[in-house]
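These notes concern the structure reproduced below.
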Amino acid sequence: MLANDRVAIITGAGRGVGAAVGQELSRQGARVVLCDIEQALAEQVAAGIRADGGAALALGNDIAAPAEADRLVRATLEHYGRLDILVNNAAVCPRISIDDMTEAAYDQIMNVNLKSVFFLSRAAGNAMKANRWGRIVNVSSIGGRTGGIFNATVYSASKAGVMSMTKAFARHFAPHNILVNCVAPGSVNTRLMENLSEAALQATIDQVALKRLADPAEVARVIAFLASDEASYVTGITMDVNGGALMV
């Protein structure tokens with residue numbers, strides 16, 4: 001569980017895993033900042049949290065731009081006065097084959113999925129130093145382990161980069177008691193699955209030992225653990241949450 005009144009930023013919080021993380025951290029007592037480029041979606045999630053008695057702020061920063069990442073952290077500090085937790089969840093995964101990949105699409109994937117993690121982690125971690133306590137949890141993917149899934153080569157490469165970057169930031173911020181970890185979900189019942197054909201979706205499920213997709217809340221609970229005081233001696237790891245789809 002979280003200590004009272006922790007403040008958390010969650011990116012990509014308008015739906016799916018990001019929304020579930022915001023709801024779970026709020027349920028555990030955190031005040032949350034829900035960031036999504038589609039701010040209206042984040043506001044819907046925030047409204048639900050507030051209706052349940054929680055504190056939630058919805059923002060629409062495009063965190064693919066480093067300046068927007070800095071502004072997101074500043075807005076959080078101005079609104080809540082502190083920052084304790086960052087969950088780098090925002091990502092895009094257009095299904096594009098290697099032959100059809102364009103430079104513009106490549107750059108968009110890398111900017112949202114990887115560049116944002118670097119600049120937002122730096123800004124947030126520096127803000128956390130004042131409290132000598134912090135948690136950064138990055139959301140990667142099983143694709144970062146396997147090297148490519150269903151026309152998602154660049155996506156998978158970006159997610160492998162997130163795993164590597166997690167280790168570098170864990171070393172960098174460890175002297176300040178800021179722990180940096182990563183979660184690599186397998187197939188989760190979110191809109192990313194909507195782009196798959198029925199046959200491809202069934203093939204994905206068949207590869208999972210538990211023979212089902214994950215619910216976003218199941219991933220959110222693992223992220224909440226890594227954001228808690230209970231994870232006080234855990235840093236620099238990637239925790240796989242894939243229902244047994246990949247065993248190494």
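In whole Å, what is the distance between the alpha-carbon centres of the range 1-32 and the range 37-70? With the range 1-32 and the range 37-70 each reduced to a Cα centre, they are spaced 11 Å. Amide H contacts for ALA214 (H built 1.01 Å from N in the peptide plane; partners 5 or more residues away or on another chain; cut-off under 5 Å): SER187, VAL188, ASN189.
Shown in residue order for the range 196-210 are the 3J(HN,Hα) couplings computed by the Karplus curve 6.51 cos²θ - 1.76 cosθ + 1.60 at θ = phi - 60°: 8, 5, 4, 5, 5, 5, 5, 4, 5, 5, 4, 7, 8, 4, 7 Hz (x for Gly and Pro).
A cut-off of 5 Å between modelled amide H atoms, ignoring neighbours fewer than 5 places along the same chain, links ALA58 with LEU34. Note on VAL241, VAL21: ascending count of other Cβ atoms within 10 Å places them as VAL241, VAL21, the fewest first.
Remark: relative contact order (the range 7-241) = 19 percent; criterion is Cα-Cα distance under 8 angstrom and separation of 6 or more residues.
A dipole drawn for the range 7-241 from +1 and -1 charges on Cβ atoms has a positive end, and of ALA127, ALA46, VAL219 the residue lying farthest that way is ALA127.
Determine the calculated [θ] at 222 nm for the chain from helices alone, applying -39500 (n - 2.57) to every DSSP H run no shorter than 4 residues and normalising by the residue count; nearest 500 deg cm²/dmol.
Numbers: 9 runs with 106 residues, N = 248.
Calculated at 222 nm, the ellipticity per residue is -13000 deg cm²/dmol.
The string of couplings for the range 163-173 from the Karplus curve (6.51, -1.76, 1.60, θ = phi - 60°) is 4, 5, 4, 4, 5, 5, 5, 4, 5, 5, 9 Hz, one whole number per residue in order, with x for Gly and Pro.
For ASN88, the residues 5 or more places off, or on other chains, whose built amide H falls under 5 Å of its own are VAL137, ASN138, VAL139.
Using Cβ point charges alone (K and R +1, D and E -1), the dipole size of the chain about the Cα centre works out to roughly 760 debye. Listed values for the range 105-117 are Karplus-derived 3J(HN,Hα) couplings in whole Hz (6.51 cos²θ - 1.76 cosθ + 1.60, θ = phi - 60°), namely 5, 4, 5, 4, 4, 5, 5, 6, 7, 10, 4, 4, 5, and x replaces Gly and Pro. Each principal axis of the Cα cloud of the range 94-248 was evaluated for its coordinate range; sorted largest first, these ranges are 50, 37, 25 Å. The ellipsoid equivalent to the alpha-carbon distribution of the range 1-138 has semi-axes of 26, 17, 12 angstrom, derived from the gyration tensor eigenvalues as √(5λ) and listed largest first.
None of the figures in this text is laboratory data; all of them are computed from the coordinates on show. This structure is a prediction, so every number in the text was calculated from the model and none was measured. Quick reminder, even Gly has a Cβ in these numbers, built from the backbone with ideal geometry, and neighbours come from all protein chains shown.
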